[in-house]
Amino acid sequence: MHKTVKNLLNIDNDIKDYLNKLNINNNPKIIAVSKTFKIDKILPLIDYGHIDYGENKVQEAVEKWTEVKKKYPKLKLHMIGKLQTNKVKFAVQIFDYIHSVDSEKLAKKIADEQNKINKKIKIFLQVNIGDENQKSGINKNNVKQLVNYCKEIGLDLIGLMCIPPADIDPVGYFEEMNKLNENLNFSDLSMGMSSDFLKAAKHYSTYLRIGSSIFGKRS
């Protein structure tokens, strides 16, 4: 068994054991964050049957995944990085999920482009839960407004996403995100990375974005 597959299975087991012990009914999906890794490093996971992969650059995703997705039509590709409006046209063609919508302008561009090719992409709104100046994301007080706008223009909005501040225990932020998500009646929540995925799973994240714990350190 390939090392990456072993890593993935170990992570999956850790999550299940942890949630069982806490008696929490949650079965989150793992997005294998494959950004910067070449396709030969990712193929063992694809061959094993893993479906969800995350990229944060449109250009890299197009080059890496266009042919692979034709061969493996079940694969789901997640845009987890900041998305510039001038890249939306290409993003919409290759991605199945976009986790980083944080403005009306970006939402409108996605709606326009996906209508052109008759495709429905699943959308998360990125919330700047730690109120950090350097981070993308919408202020939590403006989320409702953006949700309403996205629904008006026909986006398939499925939940919220966050990247909590680094080097602080994220639990408080995860709790807050879960409440916010529940209040908006969303079924999906995108939070948790290699360093904190168990805590995120405990707070009902349904998509965990895990890269280095599966693929190893990025060069």
Which of the residue pairs 89/140; 105/202; 38/179; 29/69; 71/135 have a Cα-Cα distance greater than 30 Å in the structure shown? 105/202; 38/179; 71/135
What's the FRET efficiency of residue 14 with residue 141 using the Cβ-Cβ distance as r and R₀ = 45 Å, to the nearest 0.05? 0.80
Here, trypsin sites (Lys or Arg not before Pro) of the range 182-219 satisfying both criteria (DSSP loop; at most 14 other Cβ within 10 Å) are 217, 218
May I ask for the distance between the Cα centers of the range 193-219 and the range 18-59, given as a whole number of Å? 9 Å
Going highest first, how would you order 16-25, 164-173 by mean Cβ packing within 10 Å? 164-173, 16-25
What is the distance, in nm, between label points placed 7 Å from the Cα along the Cα-to-Cβ direction at residue 175 and at residue 104? 3.4 nm
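Throughout, read-outs are computed from the coordinates displayed, never taken from laboratory work. Because the structure is a prediction, the values reported are computed rather than measured. Counting neighbours? That spans all protein chains shown, and the Cβs are built from the backbone with ideal geometry, glycine included.
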